[in-house]
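Below you'll find the structure, written out as structure tokens, and then a few comments.
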Amino acid sequence: MLKQSLQYKLLQKLSPQQIQLMKLIQLPTQAFEQRLKQELEENPALESGKEKLEEFEDTQQEDEYDTTGNENIEVEDINIDEYLSDDEIPNYKTQANNYSADDEDKHIPYASGISFTQSLKNQINTYRLTEEEEIITDFLIGSIDDSGYIRRDLIDILDDLAFTQNIFTTEEELERLLKIVQQLDPAGVGARNLRECLLIQLKRKKEKPSRTLAINILENSFDYFVKKHYKKLLQKFHISENELKKAIKEIEKLNPKPGGSYVGNNKIAEQIVPDFTIRIIDGELELSLNSRNAPELHISNEYNNMLQGYKDSKDKSKSQKEAVQFIKQKLDSAKWFIDAIKQRQQTLFLNMDAIVKHQKEYFLTGDERKLKPMILKDIADAINMDVSTVSRVANSKYVSTPYGTKLIKEFFSESMKNDQGEDISTKEIKSILKTVIKEENKKKPLTDEKLADILKEKGYPIARRTVAKYREQLNIPVARLRKEM
């Protein structure tokens, strides 16, 4: 309760525009276009287009945006002059330099690895859920990676729901809704680890002795199973070798990466439009933000005229006052949205520009060995923004480079020192580790200790436990499980 109370107090300090901005920053180009379309449909005071129209000036304080308590409307409560201006002020153009030309965006979109998200959302729509439950399950689905897993801790998702969606729930409720998500197809999707993924699949199948035993093994002796300690399993469950073989065969039929197989089928492959483009012009890097992120928006001139008509009217009826209050709300909302979009654009460009400067050598050459160590805090400090803001940009945005379209978070990595005392990216070490394992004798695979020795000989003095960590991050099993007959 204390943590939830603290979260609530923190959220109360954020303005509505800040909350909206955080949500907008997370959206990639195509999702942003859908959000823009929705806002244009819902708010008639907001218009798109290049025509230059009169706008209103905003002189109100943030707390005046709350217009929920409008039962008693007085004429002096609405200062029309704050919304009308006799001066010629440019419309809220969000176009600027550093945006790619429209004709340059007509290339074939990049196909992402996420091909089943919309299918999961379509499936969840068949369940009877409350509005809040729909938001939470949609958030959970959005947290599922390409392999079909939710790798994040529920407590972190709980925090994000409070911070970005203004939804405060409990870990128990989140767990209950996760169980609903785990009922979706393909079987095993939404699992938090391999054990849970396999169990979800087994429990969906028709019951029989070998499957019951397989479930028992996974639930109570998963460590023995993954390490192939078959003798210990025989002793613990008092079973025969034949019974164990049948149970293992049931497990081997399962799919350890339910999302991955679904992507491979290309059932509903989604397309990702790069949010940024990097070009090399005369040996220099040129960064541009996709022009689809920079719409031309302005306030409806018709709504301004309605306000002017109200101001000029001598006899102001109650119905007129109510109508002008509605107009005021829509105008506030329109300007609020425009300002959030402008800040989104600035935030996106500042983040990517800092990343490009940090990784200049890589973007000029395409050589992954040129990738410098870079963590979120490096970029946050460079542009004086919060680490969470940088994370929202890095985790959801793609950039088109001369070497292909990349997810921005791929450019981030921790650092360590080589035997020359130079800082190098852990990506470089992982790449070498992967190559060494690929070239090993599969009849006598290398242990983590031997791998550490080889890396040390190559100039990367890292400990055995660090080798084990990197190997696990690369989804490479231990030596004993890599051994071939």
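The values are calculated or read from the model by the stated rules, or taken from the named source; none is laboratory data. It should be emphasised that the depicted structure is a prediction, and the values quoted were computed from it without experimental measurement. Quick reminder, even Gly has a Cβ in these numbers, built from the backbone with ideal geometry, and neighbours come from all protein chains shown. Heavy atoms of the whole protein, side chains included, go into the accessibility calculation; ligands, DNA and RNA do not. Shrake-Rupley method; radii C 1.70, N 1.55, O 1.52, S 1.80 Å.
One table, with the values for the structure above:
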item: Test set (1) closer than 25 Å to residue 430 by Cβ; (2) not in a helix (DSSP H, G or I) - residue 385 fails condition number; result: (1)
item: Selected residue (criterion: surrounded by the fewest Cβ atoms within 10 Å (Cβ to Cβ)) from residues of the stretch 430-463 that are basic (Lys, Arg) and over 33 Å from the mean Cα position of the chain (by Cα); result: 443
item: Extreme residue, farthest from the chain's Cα centre (by Cα), among residues of the stretch 188-197 that are touching a residue at least 24 places away in the same chain (Cβ under 8 Å) and in a helix (DSSP H, G or I); result: 195
item: Tally of residues being at pLDDT 85 or above and under 13 Å from the mean Cα position of the chain (by Cα) across the stretch 389-408; result: 10
item: Residues (assigned to a helix (DSSP H, G or I), touching a residue at least 40 places away in the same chain (Cβ under 8 Å) and touching a Lys or Arg at 6+ places or on another chain (Cβ under 8 Å)) located in the stretch 198-229; result: 202, 210
item: Residues located in the stretch 345-368, provided they are open to solvent by 20 Å² or more (accessible area, probe 1.4 Å) and touching a residue at least 60 places away in the same chain (Cβ under 8 Å); result: 349, 353, 360, 364, 368
item: Subset of the stretch 276-292 [under 18 Å from residue 25 (Cβ atoms) and out of contact with any strand residue (DSSP E or B) (no Cβ under 6 Å at 6 or more places or on another chain)]; result: 290, 292
item: Close pairs from the stretch 332-344: first farther than 21 Å from residue 397 by Cα and open to solvent by 10 Å² or more (accessible area, probe 1.4 Å), partner modelled with pLDDT under 85 and among the polar types (S, T, N, Q), Cβ under 6 Å, at least 6 apart; result: 336/17
item: Whichever residue in the stretch 199-221 is of a type outside the set (Lys, Arg) and open to solvent by 50 Å² or more (accessible area, probe 1.4 Å) and, among such residues, is modelled with the lowest pLDDT; result: 207
item: Every pair of residues 6+ apart whose Cβ atoms lie under 6 Å, when the first sits in the stretch 142-153 and is more than 17 Å from residue 392 (Cα to Cα) and in contact (Cβ under 8 Å) with a residue 60 or more places away in the chain while the second is in a loop (DSSP other than H, G, I, E, B) and open to solvent by 20 Å² or more (accessible area, probe 1.4 Å); result: 146/113; 147/257
